[in-house]
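Report on one structure; see the data block that follows.
We did not get these values from a lab; they are worked out from the coordinates using the rules stated. Note that the structure is predicted; figures quoted are calculated from it, not measured. Reconstructed Cβ throughout: ideal geometry from the backbone, glycine too, with neighbour counts over all protein chains shown.
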């Protein structure tokens, strides 16, 4: 199947007072219909910026290079107006804080279908009944009444449901979810994860889910890309990446979480902190913190992304053996 | 059952019932002695929407050298409980004891001494450090306020020592907070908390705003400091796996109350309260196979308003196993196994029913 959204060799450089920040330093990924791609990484890894830039939402000060295809259409080089239309018609967005997407002085009903009125040409009356339908679909109780309520009258979890309804109003081909559950409680997160999975199965929407939470990734993703220092260090089917993590960073990240089944031994740590996009190392971005640390080549030369198994690629000169092989 | 009895029940919930006397002389300390204690604490806040019952009948004890973990979602009252131990909020009723002394009604002036004995580490080290002060000056502040060092030279030596304890280089003393990473700033927050050699450190979401690779560093540091210095912690977090990892005993809060308490192993392997079981089932694990096979207990709705908590059991409006009796009786935190307590009329039984449903 052809990808819904594909980016090739994407870079994003942002001019700052302290020099250029290399937020995204060359990234390739694609997401197919009905599939969920998880972009996982720590703060400053470039996971959000790569998606914002791909959809034309990067800040004005950013310089974006590379190629982006939405449903086979080239998005780079088209006019802003055309890009806005394509984005509005084919992509829905859900961000971390629902209040950044909601207008506090409009009823949720108006907001849910605002985009649909423009992009699908719905009348006011049709829009209202569509709004009730959408609010009902995302599990808002008594949607018929709640459609006239304002955002502040909803809880955090319910607001995020409203934003999901808004994102799905135009029946988009792609849903972009940028840390959609990070601000929510874990029981509410479970509700939202379940809701998105359920809607995706029903509507066949492709999803790009940006998160720092490896547990969430394990539950939702078909494929995963682990980002660090503006690049993908490892990507592939979720079972391959979690089952046989081959980059020292992925391996260390998976080991750093406390595991209640494993008792209370000292946690595996990664020394230091992620690099600043203002000052990326010349070679492997992870080299200064790497437990393997390889050799001078790692320090000075950028490792290529090489395949380790079907669809599973890793950017290191020293792919890690799986625990099974080592024993 | 009277309020009094309920308070006694809750007390022993998170402390062994060895009858440690209150009001003892703080100088003579034995291992395992109670460092801080809340007895039927309520903290209510008046708001335009009504009285918010943030904490509504919480009793707990923290013993020397241990970590008591407090876990709960937003609105559970866990942070307010921590603030009450420092008297940073005023209790509406109940008592706060630190080192055997009842500090519930202490004046602002006397509280200054309390704040040396109970220190706090906050979630956001960026917000808790003064951006205009150097790191050294921030760490020296409690030393000056509590008159702990004589003169500048001794103070500088102590600042160096504290930086070293938390694994930071001495030359960072001249830097400002914005020049440090999030993890380094949290280390500074911990150094500040250590400055007064406190009897208890309240850690309120100390790792929540840190990157995953840095969270493990801070958890290991806290445990090493506890081992080396014999520190006592109240570890407050929404992250169940982190609380499980850090704690000797833990308590789960919901809507202003403790609903279950026990050892981390008891809570993790054998939860007795339906809320704990739902919370555990909602925590995602980094194992795709396990995630596909697991059956989540999805709670319906949201946490009710603390202005108007449900009568009877507070969890009954979301409990998949709620029965008519639950609306009538407010369940006490009762012992179900040694050192393991739950506030549920159908403790264990309801969890078994939920899991096989």
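Worth pointing out:
- Calculated P(r) of the range B:273-322 - Cα pairs past 17 Å, %: 43
- Helix A:124-137 axis, angle to chain A major axis (alpha carbon atoms, nearest 10°): 50
- Dividing the Cα radius of gyration of the range B:162-228 by its Kirkwood radius returns 0.93 for Rg/Rh.
- Applying 1/(1 + (r/R0)^6) with r as the Cβ-Cβ distance of residue B:157 and residue B:126 and R0 = 25 angstrom yields a FRET efficiency of 0.35.
- Exercise: per-residue mean of other protein chain Cβ atoms within 10 Å, A:32-43: 1
- Residue order for A:228, B:275, A:150, B:233, fewest other beta carbons within 10 angstrom first, comes to A:150, B:233, A:228, B:275.
- Projected over all directions and averaged, the alpha-carbon convex hull of the range B:35-112 occupies 5.7 nm².
- For chain A, alpha-carbon Rg over 2.2 N^0.38 Å: 1.05
- Prolate/oblate/rounded call for the range A:1-157, Cα gyration tensor, a/c under 1.5 rounded: prolate
- Potential lengthening between residue B:110 and residue B:307 on full extension [0.36 nm per residue; Cα-Cα distance subtracted]: 67.7 nm
- With Cα atoms, 0 to 90° folded angle of helix A:80-90 axis to chain A main axis: 80
- If you wrap the Cα atoms of the range A:153-310 in a convex hull and average its projected area over all directions, you get 12.4 nm².
- Projecting label points 7 angstrom from Cα along Cα→Cβ for residue A:300 and residue A:2 puts them 4.6 nm apart.
- Centroid-to-centroid separation of the range B:143-222 and the range A:186-207 [C-alpha atoms, Å]: 41
- Here r is the Cβ-Cβ distance between residue B:175 and residue B:334 and R0 is 45 Å; the resulting FRET efficiency, rounded to 0.05, is 0.30.
- The calculated Kirkwood hydrodynamic radius for the range A:90-205 is 13.9 Å, given to one decimal from all distinct C-alpha pairs.
- Taking 7 Å steps out from each Cα toward its Cβ at residue A:57 and residue A:120 produces label points 2.0 nm apart.
- For the pair the range B:64-92 and the range A:65-93, the centres of their Cα atoms are 49 angstrom apart.
- Computed extension gain for residue A:133 through residue A:18, at 0.36 nm per residue and net of the alpha carbon distance, reaches 36.4 nm.
- Spin-label model distance (nm) - residue A:71 vs residue B:102, 7 Å beyond Cα toward Cβ: 7.2
- Over chain B, DSSP H runs of length four or greater, each weighted -39,500 (n - 2.57), average out per residue to a 222 nm ellipticity of -10500 deg cm²/dmol.
- Counting other Cβ atoms within 10 Å as a rough exposure proxy, the listed residues B:254, A:318 run A:318, B:254 from fewest neighbours to most.
- Among A:241, B:71, A:186, the ranking by other beta carbons within 10 Å of each residue's beta carbon, starting with the fewest, stands as A:186, B:71, A:241.
- Difference of contour (0.36 nm per residue) and Cα-Cα distance, residue A:201 to residue A:81: 40.0 nm
- In degrees, nearest ten, helix B:135-145 long axis to first principal axis of chain B (Cα): 80
- Projected onto its three principal axes, the C-alpha set of the range B:73-179 covers 47, 35, 23 Å, listed from the longest axis down.
- Over chain A, dividing the summed -39,500 (n - 2.57) contributions of all DSSP H runs of at least 4 residues by the number of residues returns a 222 nm mean residue ellipticity of -10000 deg cm²/dmol.
- Antiparallel content of DSSP bridges confined to the protein assembly as shown, in %, to 5: 60
- DSSP beta bridges fully contained in the range A:108-242 are about 55 percent antiparallel.
- Global form of the protein assembly as shown, assessed from the alpha-carbon gyration tensor, a/c cut-off 1.5: oblate
- Look at the alpha carbon pairs under 8 Å that are at least 6 residues apart: their mean separation over the length of chain B gives a relative contact order of 20 percent.
- Based on the Stokes-Einstein relation at 37 °C and a viscosity of 0.692 mPa s, and on the Kirkwood radius from alpha carbon pairs, chain B is assigned a translational diffusion coefficient of 154 µm²/s.
- Shape call, the range A:73-135: gyration tensor on alpha carbons, a/c limit 1.5: oblate
- Taking a point 7 Å from the Cα of residue A:276 along the Cα-to-Cβ direction, the residues of the range B:113-154 with backbone N closer than 19 Å to it are B:125-127, B:131-136.
- DSSP bridge pairs, chain A: antiparallel proportion in percent, nearest 5: 65
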